[in-house]
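Okay, so here's the structure we're looking at.
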Amino acid sequence: MKHLTPINRKARLIEEVIISQEEDVCALSIQQPKPKLGPHYPLGCTLVFTPGWETDAAGSTAGLCQPVERDLHDCYLSCYWPVQVPDHLTNYPDWSSKCANATKDWRNIDLVFP
Amino acid sequence: MVRLNGLSLAPDDARQIVKYLSNHHGLAPEEARPAFYEAEHRVVNENVPDETVRSTCTLCHGLGRIISQRRTGEEWRLLTNLHIGMFPFVSTQGFYRYSPAPGLPDLPETDHQEPVDRAVQYFSKTYPLVTPEWQSWRAGMHSPKLEGRWLVSGYRPGKGRVFGETTITAGQAEDEFKTACSLVYIKDGSTEARTGRAIVYGGYSWRERLEGSAKDDPVRQSLMLSRDWTAMDGRMFWGAYDEFGIDVVLRRIGREPLISGADLPALRSGASSTRLAIYGANLPVDIKASEVDLGAGITVNSLVSATGDKIVVDVGVDSKAPNGLHAISLRNHVRPDAIAVFDKIDYIKISPGTGLARIGGAKYPKDYQQFEAIAYNRGPDGEVETSDDLNLGAVDAQWSIEEFPSGLNDDDKDFVGSIDEHGLFTPAIEGPNPKRRNSRNNSGDVWIVAALRPGGSSKSESVLIARAYLLVTFPLYVRWDPSTLLR
């Protein structure tokens, strides 16, 4: 790539991706080509589910449910994120009772302090 | 018992119970040290030692929560059962394998143990209830005698070095203490004063709550006491996600002088006159310039002032002084590796290299991320990126945000938040953003870029660039350690 210069937008995007995988900092989304370094997992990150809460399975945010509020009821009812989101089944049966449509009423949802 | 069975406890009774459990069923210092980052609420890259533990446990929570406990095999088993009872979905998330579909052959594995069984086996062997370390520590446990004056040396990312003093006095019990501390931020001269209440658990593990005039108060502090009761180290922390903090070391002040360090982490060779302040306790007020020794190549031109906690000198550095670390010596008292001498800044790095922030500000709190640009010199071996490179301290860089291309038409950098001139990243507001495609949140991943044009005599030095990865993600709706939010 040192001897090639991108001349259009698509080529520049390709160059950005290549640079992001070769530079000094190993990002969450980069599993290759630096397997020895590996991604840096900030404390508390949950990365392995598909998707994870903080990142998707590839370590990026591109594959997460967006917006998160659209998926919040499902997370809650399925008890999929017991650490990050209250669960409906056992611990917080009324958590989202004030929120019929999370994408509009998300401000009615309170934090939970176990 | 409180949460699961509705037990009602007075705060003082709860404190006594925690004390009893810590003193009779706690960890030895050697066992607690590897997990102390959990008590310090410090973000670290955890090195999960076992693949089963990773896939069974750390999908949901950090390793620190596990390795700060010791249990019998039966108790580890009961703990996994409690997880299944309280959060049934864990059974399919990592505790048990999916069964093969009807008619299909079994998985081609020789070990047919379920992951949760393997994890229990690993914990029972690696983290048993009774260990030689605990038995030894418990047999000789003391309530430490910590009353007196303690010298504080600290570092707060974004604000730099912090020096000060804490006075510890006896509390209501032999393992409880009252404190009064005063801190000075060397970079801008600002001061903070706080008083606190602390409990020492297990004879070594300090937990404190401090209040004072600072806007961030109250703050908490977790420290670990050394075996000889002369030093404590840990972290003072605050913020909705405990993301702000000061790394602190406390040293007991006796009769002898103690040197904390200098206001400048590094001196450039060839600088003929630089004012240098040396901080400490019991410093000799009658010291002469000739009794301040900073090593070969650094000349103390004059003594500017001398008090018991600060000595100011004017120094010059030989233009041919080699790159390296120098000690501060006041008469026969020395602080090794306290000042670096360097000829030029060879490169900069951003700390941390990987950051995490959470959107918030409307309903839920923001999780900020402080970055710093750290300057480095190639060190005595003349090679950059080697172990002897000199850390020259944080420098004032120009900060910017660039796109981390994780997909086509990625536009995260326009939405995730902003970074100020001090490297503090403030995430954007939470909630769906109608200005983004599919009303995405203001989450995303970006590069944080620092640019520095080094000053000094050499005009040939070009702009130095460093970058760090930043993940801006969603709020946490469950707060397992909420005390700072509930204040």
Search segment B:42-60 for residues being facing another protein chain (nearest Cβ under 8 Å) and in contact with a helix residue (DSSP H, G or I) (Cβ under 6 Å, 6 or more places away or on another chain), and hand back the single one that is farthest from B:Gln113 (Cα to Cα). B:Val44
Candidates B:Trp229, B:Trp206, filtered to the one that is part of a strand (DSSP E or B) and over 30 Å from B:Ala362 (Cα atoms): B:Trp206
If I ask for residues that are within 20 Å of B:Thr386 (Cα to Cα) and crowded, with 19+ Cβ neighbours inside 10 Å, which ones from segment B:328-350 would you list? B:Ala338, B:Ile339, B:Ala340, B:Val341, B:Phe342, B:Asp343, B:Ile345, B:Asp346, B:Ile348, B:Lys349, B:Ile350
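Among B:Pro365, B:Pro380, which is assigned to a loop (DSSP other than H, G, I, E, B), touching a residue at least 12 places away in the same chain (Cβ under 8 Å) and either within 13 Å of another protein chain (Cβ to nearest Cβ) or crowded, with 22+ Cβ neighbours inside 10 Å (or both)?
B:Pro365
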Test: residue in segment B:177-199 that is over 27 Å from B:Gly355 (Cα atoms), surrounded by fewer than 18 Cβ atoms within 10 Å (Cβ to Cβ) and hydrophobic (A, V, I, L, M, F, W, C): yes
Checking B:Ala357 against (1) under 26 Å from B:Asp388 (Cβ atoms); (2) crowded, with 22+ Cβ neighbours inside 10 Å, the condition it does not meet: (1)
May I ask you to say which residue of B:Arg77, B:Arg65 is surrounded by fewer than 19 Cβ atoms within 10 Å (Cβ to Cβ) and within 11 Å of another protein chain (Cβ to nearest Cβ)? B:Arg65
Which condition number does B:Thr56 fail, the rest of (1) out of contact with any Gly (no Cβ under 8 Å at 6 or more places or on another chain); (2) modelled with pLDDT under 90; (3) over 30 Å from B:Phe371 (Cα atoms) being met? (1)
Output the residues belonging to segment B:80-117 that are acidic (Asp, Glu) and either exposed (fewer than 13 other Cβ atoms within 10 Å of the Cβ) or at pLDDT below 85 (or both). B:Asp106, B:Glu109, B:Asp111
Residue list for segment B:410-436, restricted to those being free of Cβ contacts under 8 Å to residues at least 12 places away in the same chain and under 18 Å from A:Ser60 (Cα atoms): B:Asp414
Would segment A:41-52 turn up any residue that is modelled with pLDDT under 85, buried (at least 18 other Cβ atoms within 10 Å of the Cβ), more than 7 Å from chain B (Cβ to nearest Cβ) and more than 27 Å from B:Ala466 (Cα to Cα)? yes
Residues being among the hydroxyl-bearing types (Ser, Thr, Tyr) and under 24 Å from B:Asp410 (Cα atoms) - total across segment A:52-110: 4
Given the conditions (1) in contact (Cβ under 8 Å) with a residue 24 or more places away in the chain; (2) closer than 26 Å to B:Gly360 by Cβ; (3) outside any strand (DSSP E or B), report the number of the one that B:Lys215 does not fulfil. (1)
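Look at B:Glu31 and say whether it is touching a Leu at 6+ places or on another chain (Cβ under 7 Å), within 28 Å of B:Met236 (Cβ to Cβ) and either of a type in the set (Asp, Glu) or outside any loop (DSSP other than H, G, I, E, B) (or both).
Spelling it out, it is not the case that B:Glu31 is touching a Leu at 6+ places or on another chain (Cβ under 7 Å), within 28 Å of B:Met236 (Cβ to Cβ) and either of a type in the set (Asp, Glu) or outside any loop (DSSP other than H, G, I, E, B) (or both).
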Which numbered condition B:Gly382 misses (of (1) within 28 Å of the chain's Cα centre (by Cα); (2) on the phi > 0 side of the Ramachandran plot): (1)
Within segment B:412-444, residues facing chain A (nearest Cβ under 8 Å), surrounded by fewer than 16 Cβ atoms within 10 Å (Cβ to Cβ) and hydroxyl-bearing (Ser, Thr, Tyr) come out as B:Ser439
Taking the condition in contact with a strand residue (DSSP E or B) (Cβ under 8 Å, 6 or more places away or on another chain) and either facing another protein chain (nearest Cβ under 7 Å) or at positive phi (or both), does A:Val85 pass? yes
Here are B:Met224, B:Met232: which of them is touching a helix residue (DSSP H, G or I) at 6+ places or on another chain (Cβ under 8 Å) and farther than 30 Å from B:Val472 by Cα? B:Met224
Is there a residue being aromatic (Phe, Trp, Tyr), at pLDDT 90 or above, surrounded by 14 or more Cβ atoms within 10 Å (Cβ to Cβ) and more than 30 Å from B:Asp343 (Cα to Cα) anywhere in segment B:450-470? no
Scope segment A:71-82; condition more than 7 Å from every other protein chain (Cβ to nearest Cβ) and either among the hydroxyl-bearing types (Ser, Thr, Tyr) or outside any loop (DSSP other than H, G, I, E, B) (or both); matching residues: A:Asp71, A:Leu72, A:His73, A:Asp74, A:Cys75, A:Tyr76, A:Leu77
Flag for B:Val44 being within 26 Å of A:Tyr80 (Cα to Cα), surrounded by 20 or more Cβ atoms within 10 Å (Cβ to Cβ), at pLDDT below 95 and of a type in the set (A, V, I, L, M): no
When you look at B:Ala173, is it surrounded by fewer than 18 Cβ atoms within 10 Å (Cβ to Cβ) and closer than 20 Å to B:Met141 by Cα, yes or no? yes
Among the residues of segment A:88-114, what is the count of those that are part of a helix (DSSP H, G or I) and either in contact with a strand residue (DSSP E or B) (Cβ under 6 Å, 6 or more places away or on another chain) or facing chain B (nearest Cβ under 9 Å) (or both)? 5
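The values are calculated or read from the model by the stated rules, or taken from the named source; none is laboratory data. Just so we're clear, the structure is a prediction, and the values are computed from it rather than from any experiment. Heads up, the Cβs are rebuilt from the backbone with ideal geometry, glycines too, and the neighbour counts pull from every protein chain shown.
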